[in-house]
Amino acid sequence: MATDEGKGGAQGTVRVDSWIWAVRLTKTRSQAAAACRAGHVRVNGERVKPAQAVKPGDEVRLFHAGRERIVEVKRVIAKRVGAPVAAEAYADNSPPPPPREHVALAGVRDRGAGRPTKRERRELDQLRGLRPS
């Protein structure tokens, strides 16, 4: 286990951007730091800078990828670890993600695929309900 014992100050603390990245809430540490600088990260209700220390018991709120994650720090880790180990480092109190809307794809073509052929146009019109079968 890679705990941050005695690094950079008080024992049992680690930088918030490093911790967010280590527990896999963001893909990169630079994304975590950018989220902190943009005000999308709060520790115990306060906006924080990337170098702010977190310790066990802190509540971290992160708005990333269109949803808010609310997690409680159970263990501080400084190095990125596997997903099962990372999941043990925090308690997730986030609201469930909103349900995805299931919309039927009605004639979506790949970008750069060129103009549809006459046969493809007929199939698209049939999907859209513009032409009887």
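Before moving on, here are some points about what is shown:
- Nearest-20 debye value, the stretch 23-133 charge dipole, Cβ charges on Lys, Arg, Asp, Glu: 600 debye
- Ordering of 93-99, 52-58 by packing is 52-58, 93-99, highest average first (other Cβ atoms within 10 Å, averaged per residue).
- For the stretch 48-100, the carbon plus sulfur part of the accessible surface works out to 56%, probe radius 1.4 Å.
The values are calculated or read from the model by the stated rules, or taken from the named source; none is laboratory data. Note that the structure is a prediction, hence the values are computed from the model and not measured. Positions of Cβ are backbone-derived with ideal geometry, glycine not excepted, and every protein chain shown enters the neighbour counts. Heavy atoms of the whole protein, side chains included, go into the accessibility calculation; ligands, DNA and RNA do not. Shrake-Rupley method; radii C 1.70, N 1.55, O 1.52, S 1.80 Å.
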